[in-house]
Amino acid sequence: MVRAVIFDVGETLVDETRSWGEWADWLGVSRLAFFGALGSVIERGLHHRQVFEELRPGLDLDRERERRLLAGPPPSRIGRADLYPDARPCLDALRARGYWLGLAGNQPASAEADLRALALPVDWVLCSESSGVEKPSPAFFARIVAEARLPAREIAYVGDRLDNDVLPAMAAGMRGIFLRRGPWGSAHARRSDVARADARIESLAELPAVLEKLAGSPSS
């Protein structure tokens, strides 16, 4: 039985198109060029930070973030309009069914306050920068298990990436659910190892029914 469900943030619950587009504007490159470079980075399996190196070789991303903050107005934060339309209804449906819910993703520390401000029906929020652990590190998923206070096999992790989300969660003993959404989801859906996921979905609206099916199947 799955008793807890943990969600990745970017491109699982939150549409990051606006955020990436604002970075393109700040760097002075066309949004088309930025997203083209991002797609190339994803296809090559590189860290998302590499897109900045592709467009501005030698760029210090942390310093560039500070420059944006000082230049004002501050970069847009995660808001209600950034949530995918199926995000809140899915969380509400799972909450009504009694699942313990969490959000855990590779996000800056500021995202933690943004996510809490959305008043989503979740029990816990973890962002990599504030916690000091980042996916796909086993320590990240161990932190989830410790916080949920459940056996790993009773926890499902939902994400749009195989390398950062689904496969490391399964390696930690959890159930891994792959969501084909966003640039990573579209690219990873073509990989052969997508078959290793415990379940594959096209929308979060499918998740409650999928979790019920997993309850009657042996863990991987």
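The values are calculated or read from the model by the stated rules, or taken from the named source; none is laboratory data. All values derive from a computational prediction rather than experimental measurement. Neighbour counts run over all protein chains shown; Cβ positions are idealised from the backbone, glycine included.
A quick yes/no check of all residues on (1) modelled with pLDDT under 90; (2) assigned to a helix (DSSP H, G or I):
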{"residue": "Arg63", "(1), (2)": "no, yes"}
{"residue": "Leu69", "(1), (2)": "yes, yes"}
{"residue": "Arg77", "(1), (2)": "yes, no"}
{"residue": "Asp92", "(1), (2)": "no, yes"}
{"residue": "Gly98", "(1), (2)": "no, no"}
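The residue pairs whose first member lies in region 38-62 and is free of Cβ contacts under 8 Å to residues at least 24 places away in the same chain, whose second member is of a type in the set (S, T, N, Q), and whose beta carbons are closer than 8 Å, counting only pairs six or more residues apart or on different chains, are Val41/Gln50; Glu54/Ser40. Answer yes or no as to whether Trp124 is within 18 Å of Val210 (Cβ to Cβ), out of contact with any Pro (no Cβ under 9 Å at 6 or more places or on another chain) and not β-branched (Val, Ile, Thr). For Trp124, the condition - within 18 Å of Val210 (Cβ to Cβ), out of contact with any Pro (no Cβ under 9 Å at 6 or more places or on another chain) and not β-branched (Val, Ile, Thr) - is not met.
The number of residues in region 188-214 being of a type in the set (A, V, I, L, M, F, W, C), at pLDDT 95 or above and part of a helix (DSSP H, G or I) comes to 8. Screening the candidates Ala111, Ala71 for the property of being surrounded by 17 or more Cβ atoms within 10 Å (Cβ to Cβ) and not polar (S, T, N, Q) yields one hit, Ala111.
Taken as a whole, the structure leaves Glu22 outside the set of residues that are free of Cβ contacts under 8 Å to residues at least 60 places away in the same chain, touching a helix residue (DSSP H, G or I) at 6+ places or on another chain (Cβ under 6 Å) and among the charged types (D, E, K, R).
Picking from residues in region 185-216 that are of a type in the set (Asp, Glu) and under 18 Å from the mean Cα position of the chain (by Cα), the one that is surrounded by the fewest Cβ atoms within 10 Å (Cβ to Cβ) is Glu202.
Applying the criterion of being more than 18 Å from the chain's Cα centre (by Cα) and touching a residue at least 40 places away in the same chain (Cβ under 8 Å) to the residues of region 66-89, the residue that is nearest to Pro208 (Cα to Cα) is Ser76. The residue of region 90-108 that is nearest to the chain's Cα centre (by Cα), among those that are surrounded by fewer than 17 Cβ atoms within 10 Å (Cβ to Cβ) and of a type outside the set (Gly, Ala, Ser), is Pro108.
Would you mind stating whether Ala142 is modelled with pLDDT of 95 or more, part of a helix (DSSP H, G or I), small (Gly, Ala, Ser) and closer than 18 Å to Gly102 by Cα? Taking the combined requirement at face value, the residue satisfies it.
Put simply, of Glu22, Glu112, Glu43, Glu66 the only residue that is assigned by TED's automatic domain parsing to the domain that holds Gly182 and of a type in the set (D, E, K, R) is Glu112. Given the structure, is Asp123 assigned by TED's automatic domain parsing to the domain that holds Arg149, among the acidic types (Asp, Glu) and in contact with a Phe, Trp or Tyr (Cβ under 8 Å, 6 or more places away or on another chain)? When the stated conditions are applied, Asp123 passes them.
Within region 142-155, at least one residue is closer than 23 Å to Arg49 by Cβ and without any contact (Cβ under 8 Å) to a residue 60 or more places away in the chain. Tell me which residues, restricted to region 100-118, are outside any helix (DSSP H, G or I), aliphatic (A, V, I, L, M) and within 30 Å of Asp62 (Cβ to Cβ). Correct list: Leu103, Ala104, Leu118.
Within region 96-125, the set of residues being more than 21 Å from Asp86 (Cα to Cα) and not polar (S, T, N, Q) comprises Pro108, Ala109, Ala113. Among what's in region 124-139 and is assigned to a helix (DSSP H, G or I) and not polar (S, T, N, Q), pick the residue that is modelled with the lowest pLDDT. Looking at residues that are assigned to a helix (DSSP H, G or I) and not polar (S, T, N, Q), I get Glu129.
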